[in-house]
């Protein structure tokens, strides 16, 4: 078993400076539908399947996607309105371990993704070429990230976790339920 392939089933993120923004926006826009189609018919036992050894279960993974994309939406609005400003990183693992994620329906996060992605993509489609070059500063990586790069990153992030969901479904509990 190749753990790296299980962690990164579509490969790691690689920024493409000449990438077509509209194709990335389409991927972000379509992600909630893909996620819903994958998990809507899964029962609680199946939502507890992991996508890899030591990885989150599918239930936690869907909640993580909504948490992450809420943060991304806010980060990109900060970049647009206060270019160069440092954003506040958050502890993804700690967020994933909050009790809310053990109680909330996976459908709550899916519905949030539908509304959030619609608003997010509407905002991003209205940006000028100049706006796409505005940045936020990420203190953890000590790097300025342009809106253009972040759009690609979150299109990749969507695809990355959609691949994880597919992997968890295909594994059918091989990697166990949540501990």
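Where a number appears in this text, it was derived from the coordinates with a stated rule and is not lab data. What you are looking at is a predicted structure, and each value in this text was computed from that prediction instead of being measured. Counting neighbours? That spans all protein chains shown, and the Cβs are built from the backbone with ideal geometry, glycine included.
Descriptive notes on the structure:
- Rounded tilt (10° steps) of 21-39 against the dominant C-alpha axis of the chain: 20 degrees
- For the pair residue 102 and residue 125, a Förster radius of 35 Å applied to the C-beta separation gives a FRET efficiency near 0.45, rounded to the nearest 0.05.
- Computed extension gain for residue 30 through residue 3, at 0.36 nm per residue and net of the alpha carbon distance, reaches 6.9 nm.
- The helix-based estimate of mean residue ellipticity at 222 nm for the chain, built from -39,500 (n - 2.57) per DSSP H run of four or more residues and divided by its residue count, is -19000 deg cm²/dmol to the nearest 500.
- Taking the C-alpha atoms only, the angle from helix 147-171 to the longest principal axis of the chain is near 10 degrees.
- Centroid-to-centroid, using Cα positions, segment 13-36 and segment 68-89 are 18 Å apart.
- Top of 126, 29, 149 by mean-square fluctuation, Gaussian network on the chain, Cα under 10 Å: 126
- Fluctuation leader among 166, 93, 119 - the chain, Gaussian network, Cα springs under 10 angstrom: 93
- Cα long-axis angle, helix 106-125 against the chain (0 to 90 degrees, to the nearest 10): 20 degrees
- Maximal additional length on extending the residue 171-residue 153 stretch stands at 3.8 nm, based on 0.36 nm per residue less the C-alpha distance.
- For Rg and Dmax of the Cα atoms in Å, calculated from these coordinates, the label among [x] 16.0, 54; [y] 20.8, 69; [z] 16.4, 48: [z]
- Relative contact order %, the chain, counting alpha carbon pairs below 8 Å whose residues are six or more apart: 43 percent
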